[in-house]
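Every number here is computed from the coordinates shown, using simple stated rules; none is lab data. Note that the structure is predicted; figures quoted are calculated from it, not measured. Cβ placement follows ideal geometry from the backbone for every residue including glycine, while neighbour counts extend to all protein chains displayed.
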Amino acid sequence: MVIRPFGDSALLVEVESLADILSLYERLAETRPRGVRDLVPAARTVLVHVDPSVLPLSSARAWIGGTDAAPRPPAASVPPADVELAVAYDGADLAETASLLGLTVDDLVERHLAARWTVAFTGFAPGFGYLTSEDWDLDVPRRATPRTRVPRGAVALAGGFTGAYPRETPGGWQLIGTTDAPLFDPDAERPVLLRPGTRVRFRRVAAASVAAAGVLTRPLAPRAFTVTDPGALATIQDAGRPGRLAEGIALSGAADRPAFAAANRLVGNTPDAAAIEVTVGGFRATASGDLWIAVTGAWGPIRVAGREVDPYRPQRWPAGTELEIGAFRAGVRALLAVRGGVATHPVLGSAATDTLAGIGPESLRAGDEIATSDAARHPVPAVDLWPWTPPPDTIVVPVAAGPRADWFTPAARRSLLDTRWVVGARADRVGIRLDGPPLERASDAGSRELASEGMLPGAVQVPPDGLPVVLGPDGPVTGGYPVIGVVTAAGRAALAQARPGSHLLFRSASPRG
């Protein structure tokens, strides 16, 4: 067992085999101490995400090191399956896949039915489980050209895994069937059917009828204001969905956490009250009643009833007047907090919009009516001297050690810190691509493929082209590109204000404890 650093709030535990992973995950879950936020199993690793203020990394490392990862001896009898999935073997790739494996269609189906499957880990999309079996020795090649749309409920094979798509997404697995099982239902008591460790058996049926996926939002309560123009992008955000990474559900939430906390404090809300994250600017809305608001984060003109007002101060927004948050001159994201918080029906315990997974309220549109909630706990402060400066043109970002830094040459590791990187055009809540000199892999890593590993916001992944991608709050839960470094919490707040074309400098940061 090898324990690798993963920034300032996580460790990546690597073992020899998938069987070891299932055992290690089970034992870590059984002995989980206070301060562990998430355990994320993957193909050869378990990502242990902690709150370092409660459980320092040194203590987490000692706890993990004392855990036995060896597989437990087999039970005297085969335990029953936790979940039975009814499958119609009608997949578009069934005949081709059987031919690739040198089997008949019936042989392939029978082997799939006979295997006793276990969910090893989740990822790719909320509720997508990677199932493995000791009874399955087939290695199924992925499609040479992935599909842009794989239908919801598709049952598929790739490598040594089987899985079922919880919703329509792109995908490169071989489709062999269809299930109508509720793989992901955010309103259910158990929203994810196939969680790590779940035992699964497949049962053949003649046909499966997959209902259209429901919209993951519900109507808001009576309005406090009406959006007249959302600008480029406006979403509802709060503190996100911690504790669900093992189910394939991203953290999400406000990208600039200090600005989010400041906006709520300025209107007397609880720190995690839902607010509106405005990207680039151009947002306008009309108040239905008298409101208190605060705007923080990116810097640009703010007008209430035609009068320009300051950011980082509570402002009274009179009924019938317009709020305008103009185009930003510095930074990318502003947080608009309203006293009481934005009222929504939470999805998986959060009001946050996950732009990648499509969980939570939809992005705001003209005509949307926004209500306030009951999150006000303190008076609006008469004076709150909040230290604030506009986001700089060159952002300095602290970065801690990543688990796969040894996959890169010493020159590449120096280049990560020495280069003045340019924020690319592909910069959103999922991730930020950087332009600069490609980071070269070490000679012994150049041709290796990395099995999927747990990911966190701030992970600096390096795809084969050598250009880093920093994952954002809506980024994938697992990924297969090596992580050379991990941006700290303070650095992620700075990154949230990085505009395409602006410059970025990484600076080394040491993890706590």
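How large is the convex hull of the C-alpha atoms of the range 2-65 per residue, in Å³? Walk me through the numbers before you get to the answer.
Working: hull volume 4.2 nm³, N = 64.
Measuring per residue, one finds 66 Å³ for the Cα hull of the range 2-65.
How would you rank 124-131, 474-481, highest first, on the average number of other Cβ atoms within 10 Å across their residues? Working shown, then result.
Values: 124-131: 24.8, 474-481: 22.4.
Highest mean packing first, the order is 124-131, 474-481.
If the chain linking Thr104 and Val2 were pulled fully straight, counting 0.36 nm for each residue of separation and taking away their Cα-Cα distance, it would gain 32.5 nm. Shape class of the range 224-267 from the Cα gyration tensor (axes a ≥ b ≥ c, square roots of the eigenvalues): oblate, since a/c reaches 1.5 or more and a/b does not exceed b/c. Compute log10 of I(q)/I(0) for the range 276-320 with the Debye formula, placing one identical point scatterer on every Cα and leaving out solvent, at q = 0.18, 0.22 Å⁻¹, to two decimals. Debye output, listed in q order: -0.53, -0.80. Using R0 = 41 Å, the C-beta based FRET efficiency linking Ser53 and Arg365 works out to 0.55. Computed extension gain for Arg201 through His345, at 0.36 nm per residue and net of the alpha carbon distance, reaches 48.4 nm.
Can you tell me the orientation of helix 18-30 relative to the chain, as the angle in degrees between its alpha-carbon axis and the longest Cα principal axis, to the nearest 10? Helix 18-30 sits roughly 50 degrees off the main axis of the chain. Among residues other than Arg339 with Cβ under 12 Å from its Cβ, the summed charge is +1 (Lys and Arg +1, Asp and Glu -1).
Here the chain is treated with +1 on each Lys and Arg Cβ and -1 on each Asp and Glu Cβ, and its dipole about the Cα centre works out to around 1100 debye.
Taken about its Cα centre, the range 394-508 carries a charge dipole of roughly 320 debye when the Cβ of each Lys and Arg holds +1 and the Cβ of each Asp and Glu holds -1.
Of all DSSP beta bridges confined to the range 394-508, the antiparallel ones make up roughly 75%. Near the amide H of Ala459, within less than 5 Å, lie the amide hydrogens of Leu471, Val487, all on another chain or at least 5 residues away, with H placed in the peptide plane. Comparing Ala43, Ser58, Ile21 along the charge dipole axis of the range 2-65, the residue lying farthest to the positive side is Ser58, per the Cβ-charge model. Here the range 83-204 is treated as a Stokes sphere of Kirkwood radius computed over C-alpha pairs; at 10 °C and 1.306 mPa s its diffusion coefficient rounds to 112 µm²/s. For the range 225-372, the relative contact order works out to 34 percent when only alpha carbon pairs closer than 8 Å and six or more residues apart are counted. Approximating the spin labels as points 7 Å out from Cα along Cα→Cβ, the Ala319-to-Ala188 distance works out to 4.5 nm.
Once Lys and Arg get +1 and Asp and Glu get -1 on their Cβ, which of Pro146, Ala273, Trp173 lies farthest toward the positive end of the dipole of the chain? Comparing the listed Cα positions along the dipole, Ala273 ranks first. Say R0 is 51 Å: what FRET efficiency, to the nearest 0.05, do Glu134 and Arg420 get from their beta-carbon distance? E between Glu134 and Arg420, to the nearest 0.05, is 0.50. Along its three principal directions, the equivalent ellipsoid of the chain from the Cα gyration tensor extends over semi-axes of 41, 28, 21 Å, largest first. Based on every Cα atom in the range 394-508, Rg and the maximum pairwise Cα distance Dmax equal 12.8, 37 Å.
Quick one: plug the Kirkwood hydrodynamic radius of the range 1-148 (C-alpha pairs) into Stokes-Einstein at 4 °C, 1.567 mPa s, and report D in µm²/s. Walk me through the numbers on the way to the answer.
Numbers: Rh = 17.9 Å.
Reported coefficient: 73 µm²/s.
Sorted fewest first by neighbouring Cβ atoms within 10 angstrom, Tyr25, Tyr312 come out as Tyr312, Tyr25. On the basis of the beta-carbon distance and an R0 of 45 Å, Asp406 and Arg116 show a calculated FRET efficiency of 0.75.
Given Cα pairs under 8 Å that are at least 6 residues apart, what percent is the relative contact order of the range 394-508? Relative contact order comes out at 44 percent.
Under 11 Å from a label point set 7 Å out along the Cα-to-Cβ vector of Thr286, the amide N atoms of the range 222-244 belong to 226-229.
Over the range 225-372, the ratio between the Cα radius of gyration and 2.2 N^0.38 Å evaluates to 0.97. Between the helical axis of 257-266 and the longest alpha-carbon principal axis of the chain there is an angle of about 40 degrees. Each Cα pair under 8 Å and six or more residues apart adds its sequence gap; the mean of these over the residue count of the chain is a relative contact order of 15 percent.
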